[in-house]
Amino acid sequence: MPFLEIDHLVKEFTRKERVIRAIDGIDLMVKEGEFVSIVGPSGCGKTTLLHMLAGFVPVDQGALRLDGKPILGPGPDRGVIFQEYALFPWRTAHGNVMWPLEIKGVPKAEREATADRYLDLVHLEGFRDHYPAELSGGMKQRVALARILVLDPRILLMDEPFGALDSQTRELMQEELLEIWGKTGKTVIFITHDIDEAIYLSDRVVVMTARPGKVKEDFRVDLPRPRRLDIKKTPEYAAYRNKVWDLLHVEVIAARAQTPDGRA
Amino acid sequence: MTPFPSKLRDFLAHWYSVPLLLACWEIVSHSGWVQPRLVPSLMLIGQIFWRDLLSGVLIHHTTVTLYRALGGFLMAVVAGCTLGAAMARNRTIDALFEPIFSFGFPIPRIALYPVFIFIFGLGDASKIALVFLEGMFVITLHTYQGIRAVPNTMVWAGSSMGANSRQLFWRVLLPAALPMIFTGFRIALPVALIIVVSTEIIGESVGLGYYIQFASASFDDAKSLAGIAAVAIIGFALDRALIWLRNRAVFWQPEAVALG
């Protein structure tokens, strides 16, 4: 049985009294522990797909199942990471990581210790008492990561998590994410428009079409693990990169001709 | 070597316009260009201020004015925050009150004062009611906007970490809206003072507005200005107190205030 099941998913929006089909029948099966990236041109519905998996946006047609159970709303079994971090600015790094444990009703001493342990995991032990405003973008995203890992979710849903970071920080964060993924063995759905990021991180890359979003291609990335950043210099990596580039380029051109309200 | 302590320099750089204005006043007062009674010297104003402060007259009027202003303001805080939050959270309540607020906002509330006198009489109640009404408009709208402006992702993050709607309100929406809510307070508080003093000028036998009005009617402009100075000092002190409170409540986002 697949761990995550996306079963003929359809999503439509109404804009200015026009019905726009954002997602047009996506089928996808993800195994437990798999790292799957979803790439596609902007407006292809990849973020909408993630929001539906998180339970923020209702499903129009089709079904989503996690471990056999239908996804009907938000829940702590799915940890969501946003591009804009969504940290609570009135709480320190440590306070942010403790937040979900307070909601869960974990005793104080235990949640303090657990939060410390997860700050160690993301290498932020030295920034425990810093507020989000005092942290860099990369550090903020690490706090956000610790904040969801503390609940031990079944799956991580990441929506362009490194999209707001500069390219050096971005590569370091990718390396760190792989390290954490290696330690925790979580299933990851990773939305990005960055081809390199998708190939470097993933077991599988799913390329989506321009709107209405469908799966255009779904293939495995058979690069050895653990991966280091210098894998990007190998010809195998370059071959994957060219393949995704070719697939995506056509869709980016198609997406460019679309207007946000659905007129062609 | 620092020839000039930087704290003192900053202080002067920020505040020099106040003594400059007072100096201009004093020059005009002594110049003979205008009647000294219309522009009395600061010395005279200061003497009267000091005399009435020591005799307890100013304190008495100030206490009454403060009671009315703060009473109405605090009621507006409670009602405005509650109503604003309820409107932001509940569609039915929003639909019920939004038209009233949109329609009522441009009406000068002071125009209702004669009606309020009719209902509540000339004393405290009519003034407190007017302060309450004025403050409630501002605070409700700021609370409403503050909560509505909380980014979706922050609320989603909270709900995906298992928070129920009550937890989302108290632990996400309210703290996130707090800077905006305090902006509402900061607008409403000086307005409360303005309304009380204005209505006391219209018709009253106690309060700083009455003190100013009575002095003015007695052609004692210096005393009238001493009363205005008292209002200015109180207004300034109240605003500073509110900033102090705000910077403790919204500690993660300090508001820059020079030498507060």
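What follows draws every value from the coordinates through simple rules; no lab data is involved. As the structure is a prediction and not an experimental result, all values here were calculated from the model. Quick reminder, even Gly has a Cβ in these numbers, built from the backbone with ideal geometry, and neighbours come from all protein chains shown.
So for the pair B:Lys7, B:Ala249, with labels modelled 7 Å out along Cα→Cβ, what separation do we get in nm?
According to this spin-label approximation, the distance is 2.9 nm.
Can you give the angle from 0 to 90° between the axis of helix A:93-104 and the longest principal axis of chain A, with both taken from C-alpha atoms, to the nearest 10?
In chain A, helix A:93-104 runs at an angle near 80 degrees to the longest axis.
What is the mean number of Cβ atoms from other protein chains located within 10 Å of the Cβ atom of each residue in peptide A:97-103, rounded to a whole number?
Working: counts 0, 0, 7, 6, 2, 4, 9.
Across A:97-103, the average partner-chain Cβ count within 10 Å equals 4.
How big is the dipole moment of the stretch B:42-249 about its Cα centre under a simple scheme where the beta carbon of each Lys and Arg is +1, that of each Asp and Glu is -1, and everything else is neutral? Debye, nearest 20, please.
Charge dipole, the stretch B:42-249, about its Cα centre: 800 debye, nearest 20.
Sum up the charges of everything whose Cβ sits under 15 Å from the Cβ of A:Gly68, counting Lys and Arg as +1 and Asp and Glu as -1, but leave A:Gly68 out.
On the way: positive: A:Lys31, A:Arg65, A:Lys69, A:Arg78, A:Arg154; negative: A:Glu5, A:Asp7, A:Glu32, A:Asp67, A:Asp77.
Cβ neighbours under 15 Å give a net charge of 0.
Counting only other residues whose beta carbon sits under 15 Å from that of B:Thr143, what net charge do I get with K and R as +1, D and E as -1? Walk me through the intermediate numbers first.
Details: positive: B:Arg89, B:Arg148, B:Arg186, B:Arg246; negative: B:Asp94, B:Glu98.
Within the 15 Å Cβ shell, the charges total +2.
Taking the Cα centre of the stretch A:104-143 as origin, sum charge times position over the Cβ atoms of Lys and Arg (+1) and Asp and Glu (-1), and report the length of that vector in debye to the nearest 20.
Numbers: 7 positive and 7 negative charges, 41 e Å.
About 200 debye.
Calculate the radius of gyration of the Cα atoms of the stretch B:1-139 to one decimal place, then report Dmax, the largest Cα-Cα distance, as a whole number, both in Å.
Both quantities, over Cα of the stretch B:1-139: 23.1, 68 Å.
Does anyone have the angle between helix B:6-15 and the longest principal axis of chain B? Alpha-carbon axes, 0 to 90°, nearest 10?
Approximately 80 degrees, to the nearest 10.
How crowded by other chains is B:149-158, given as the mean number of beta carbons from other chains within 10 Å of each beta carbon?
Going residue by residue through B:149-158 and averaging, the value is 6.
For chain A, take the longest principal axis of its alpha carbons; what is the angle in degrees between that and the long axis of helix A:235-256, to the nearest 10 within 0 to 90?
For helix A:235-256, the angle is close to 60 degrees.
Would you work out the relative contact order for chain A, in percent, from Cα pairs under 8 angstrom that are 6 or more residues apart? Write out the running numbers ahead of the final one.
Details: 497 pairs, mean separation 70.3, N = 264.
Computed value for chain A: 27 percent relative contact order.
Which whole number gives the average, over all residues in A:75-81, of C-beta atoms from other chains lying within 10 Å of the residue C-beta?
Values: counts 4, 5, 2, 1, 3, 6, 1.
Counting other chains' Cβ atoms within 10 Å and averaging over A:75-81 gives 3.
Counting other beta carbons within 10 Å of each residue's own, what order do B:His60, B:His30 fall into, fewest first? Provide the component values of the computation, followed by the final result.
Working: B:His60 15, B:His30 11.
Neighbour counts put them in this order, fewest first: B:His30, B:His60.
Using a simple charge model, +1 on the beta-carbon of Lys and Arg, -1 on the beta-carbon of Asp and Glu, nothing else, what dipole does the protein assembly as shown show about its Cα centre, in debye to the nearest 20?
340 debye
Over the Cα atoms of the stretch B:42-249, compute the convex hull volume and normalise it per residue, giving Å³.
Details: hull volume 27.7 nm³, N = 208.
Dividing the Cα hull volume of the stretch B:42-249 by its residue count gives 133 Å³.
Mind checking the stretch A:204-240 for trypsin sites (Lys or Arg not before Pro) that DSSP puts in a loop (not H, G, I, E or B) and that have at most 13 other Cβ atoms within 10 Å? Please list the in-between numbers first.
Numbers: sites: A:Arg204, A:Lys214, A:Lys216, A:Arg220, A:Arg227, A:Arg228, A:Lys232, A:Lys233; in loops: A:Lys214, A:Arg227, A:Arg228.
Those satisfying the criteria are A:Arg228.
Exposed loop sites here are chymotrypsin sites (Phe, Trp or Tyr not before Pro) in DSSP loop states with at most 15 other C-beta atoms within 10 Å. What is the longest stretch of chain B lacking them?
With a cap of 15 other Cβ atoms within 10 Å, the longest stretch comes to B:34-218.
Projecting each Cα onto the charge dipole of chain B (Lys/Arg +1, Asp/Glu -1 at the beta carbon, about the Cα centre), which of B:Val172, B:Ala76, B:Ile201 comes out farthest on the positive side?
Most positive-ward Cα: B:Val172.
Say we join alpha carbon atoms closer than 10 Å with springs in a Gaussian network model of chain B; which of B:Leu133, B:Leu22, B:Leu53 then has the biggest fluctuation?
Taking springs between Cα atoms under 10 Å, the residue moving most is B:Leu22.
How large is the helix-only mean residue ellipticity at 222 nm for chain A, computed as the sum of -39500 (n - 2.57) over DSSP H runs with n ≥ 4, divided by its residue count, in deg cm²/dmol to the nearest 500? If you can, show how the numbers build up before the last one.
Numbers: 7 runs with 95 residues, N = 264.
The helix contribution divided over chain A gives -11500 deg cm²/dmol.
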